[in-house]
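> One structure, pasted below without further comment.
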Amino acid sequence: MDHLPYDQEQRDWEQVVALKPQGHVEIQNVETRMVYHGPIESIEVDANDFVHIRLTWVAETKAPLAPGFDGKWRKASDEEREIVFPNLIVPFIFERTESKGPRVRFGYNLLYLNAVPGVDPTRVEGLQL
């Protein structure tokens, strides 16, 4: 994936979809001060030009600086398994990482392209696979 336009703002998520990501997503909700994590099941841009990222499962924890942070991951609501946003509106940047390979940064959120270790599902309270 050395051909990626690293460190340059992009807008068309079809570029990401074409790479067929096999990794996981880390989402930070600034308003609720929650962090969500889950492996990518699928990603597509639909006919109405909305990006849909579906996760196999999703775990949540309080953000590290949020009141009540205990570092424990818990199964999140199934409603959190799909992330939807308009294509061409949400900018992103391809980044390189030493340990986990290429990733996509969009806002405070990360999408890892390769199947790399993330949150261990056996350590997610309430998650049954």
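The values are calculated or read from the model by the stated rules, or taken from the named source; none is laboratory data. Remember, predicted model here, so these are calculated numbers, not experimental data. No Cβ is skipped: glycine too gets one built from the backbone with ideal geometry, and neighbour counts run over all protein chains shown. Protein only, heavy atoms only, side chains kept; ligands, DNA and RNA dropped before computing areas. Shrake-Rupley method; radii C 1.70, N 1.55, O 1.52, S 1.80 Å.
> Which condition does I53 not pass, out of (1) surrounded by 16 or more Cβ atoms within 10 Å (Cβ to Cβ); (2) more than 12 Å from the chain's Cα centre (by Cα); (3) under 15 Å from F106 (Cα atoms), if it passes all the others?
Every listed condition holds for I53 apart from (2).
> If V58 satisfies all but one of (1) surrounded by 18 or more Cβ atoms within 10 Å (Cβ to Cβ); (2) touching a residue at least 24 places away in the same chain (Cβ under 8 Å); (3) farther than 25 Å from Y6 by Cβ, what's the number of the condition it fails?
Checking V58 against (1) surrounded by 18 or more Cβ atoms within 10 Å (Cβ to Cβ); (2) touching a residue at least 24 places away in the same chain (Cβ under 8 Å); (3) farther than 25 Å from Y6 by Cβ, the one that fails is (2).
> Going through L88, L65 one at a time, which residue ends up being among the hydrophobic types (A, V, I, L, M, F, W, C), in a loop (DSSP other than H, G, I, E, B) and in contact (Cβ under 8 Å) with a residue 60 or more places away in the chain?
Going through L88, L65 in turn, just one is among the hydrophobic types (A, V, I, L, M, F, W, C), in a loop (DSSP other than H, G, I, E, B) and in contact (Cβ under 8 Å) with a residue 60 or more places away in the chain: L88.
> Turning to a different aspect of this structure: For the range 30-40, state whether one or more residues are farther than 29 Å from P64 by Cβ and open to solvent by less than 80 Å² (accessible area, probe 1.4 Å).
Within the range 30-40 (the criterion being farther than 29 Å from P64 by Cβ and open to solvent by less than 80 Å² (accessible area, probe 1.4 Å)), the answer is no, since none of the residues qualifies.
> Report the residue count in the range 75-129 for those that are over 30 Å from P5 (Cβ atoms) and open to solvent by less than 40 Å² (accessible area, probe 1.4 Å).
Residues in the range 75-129 being over 30 Å from P5 (Cβ atoms) and open to solvent by less than 40 Å² (accessible area, probe 1.4 Å): 3 in total.
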